[in-house]
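Shown next, in structure tokens, is the structure this report addresses.
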Amino acid sequence: LYLLFQGLRPISQRTISTASRRQVENRVPEKQKLFQEDNDLPVHLKGGAMDAVLYKVTLGLSVFG
């Protein structure tokens, strides 16, 4: 069993070190524009529909909790 793990060790190290890294797109300027718009919404609701759902769930848990 020990010899099996010793044989797999170089393979696992090579796989991890040579894995391609996914390029992440910088979306900060888009988010800045979204949150700086003057649309009479509070900042905790400017993120869209998911923000509204999370806000209502939190409000409901606070009231009924």
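Tabulated data for the structure shown
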{"item": "Segment Val53-Asp38, extension gain: residue separation times 0.36 nm, minus the distance between their alpha carbons", "result": "3.3 nm"}
{"item": "Anchor Lys46: aspartates and glutamates whose Cα lies under 14 Å away (excluding residues fewer than 8 positions away in-chain)", "result": "Glu30, Glu37, Asp38"}
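Values quoted throughout were computed directly from the atomic coordinates according to the rules given, and no laboratory measurement underlies them. Predicted model only: the values in this text are computed from it and were never measured.
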